[in-house]
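To start, the structure under review is shown below, and the notes come after it.
The values are calculated or read from the model by the stated rules, or taken from the named source; none is laboratory data. In this text, all values refer to a predicted model and were calculated from it rather than measured experimentally. Glycine also receives a Cβ, built like all others from the backbone with ideal geometry; neighbour counts cover every protein chain displayed.
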Amino acid sequence: MRVLIVTPEQNVATGNWVTARRLADGLQGLSHRVEIRPTGLNPSASLLEALDTFQPNIAILLHAYRSGAPWLQAIKGREIPFLVLLTGTDLNVGLDDSIQRPVIQRVLRAASGILLQNRLQLEQLKQCMPQFGDKLRYLPPGIQLGKESFDIRYSSGATDNDILFFCPAGLRPVKQQLELLKMFDRVVADSGNSLLAFAGPVLDPEYATVLQEGIDRRERVVYLGVIPHAAMAAAIRDSDIVVNNSKSEGLSNALLEADALGVPILARDIPGNREIVVTNRNGLLFPNEEEFVALATRLANDNHFRSRLGDAKTATDATIREALQLERFLLESCSYYTDA
């Protein structure tokens, strides 16, 4: 089967690209041919070229709005079934936006299937958009750990005695790094050996500029730039705590990797994070600033408490399960199947 994965034009370190590559690797391991093509809101030349030369049997769209809108334009006059993998941005921003919502609904109506990797959000979507109930499918998330090395403690200036909080995420308002920066001031005041490291691509230049200015005024916070996904597992493994302060998430690849590696997680209490974090087992959830400061300070000061959180898992099994389930959904949705 020839499968085309369509993803928004973004830095390759973003979650969409990480997911796209993982899905492609999984399907290729099952002997399917897969190509990934990025696109802007207008169909890219790369996308249009793939339709003519690769001639996919079926497509997977990562992002109902940013991949779905150009896809509907590109396939006019063609009959190509497609699945949509909904992102956190679709669910938490797009469906509340007067411009994006009608486009997303049009894409969902045309899709053969709608995939989510967060069971809580799947149930929420069933309630708020029951017309799509028969198309909704849960795709268990895979985890693909990179094998490149990265010395995050050296890069961040952390000593052996420092407690390194690591926040990997694209720099944009929904990830709330600015708010985290301010909250962390209180943690440093209570635990002077705490250090916060940000890493991720700049997705909102103005926001990133303000964030960098704030980082430059602080001694216990650093920005490490973009860490390639191939080196992200090494960075997470050598951190003490992985932090997520997002206003909304679909399912964070970084938190999935932290869970698989047994590194404690400290994350904002939102549906996207509740799917991953089990309180007092692999991490902690905080609903507000006061709880964040209290939990972060305890994690920094109580080595025994911190060591009890997290238990390394086998990531390979999750990735194989994801690929097999996705293959089943593709075969169910594809109107024809040919060996190519």
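Odds and ends about this structure:
- Some residue of the stretch 74-82 being under 24 Å from residue 274 (Cα atoms), surrounded by fewer than 16 Cβ atoms within 10 Å (Cβ to Cβ) and not assigned by TED's automatic domain parsing to the domain that holds residue 277: no
- Residue match in the stretch 155-162 (condition: at pLDDT 95 or above, among the acidic types (Asp, Glu), assigned to a loop (DSSP other than H, G, I, E, B) and farther than 18 Å from residue 225 by Cα): yes
- Condition met for residue 211 (more than 17 Å from residue 258 (Cβ to Cβ), assigned by TED's automatic domain parsing to the domain that holds residue 298, modelled with pLDDT of 95 or more and buried (at least 19 other Cβ atoms within 10 Å of the Cβ)): yes
- Test: residue in the stretch 140-154 that is surrounded by 14 or more Cβ atoms within 10 Å (Cβ to Cβ) and among the acidic types (Asp, Glu): no
- Helices (runs of 4 or more DSSP H) enclosed by the stretch 222-340 - at least 1 residues per element that are crowded, with 24+ Cβ neighbours inside 10 Å and in the same structural domain as residue 95 (by TED's automatic domain parsing): 315-333
- Residue 18 meets all of the listed conditions (1) in contact with a Pro (Cβ under 7 Å, 6 or more places away or on another chain); (2) part of a helix (DSSP H, G or I); (3) under 26 Å from residue 228 (Cα atoms) but one, namely (1).
- Single condition residue 206 does not satisfy, out of (1) crowded, with 18+ Cβ neighbours inside 10 Å; (2) more than 22 Å from residue 265 (Cβ to Cβ): (1)
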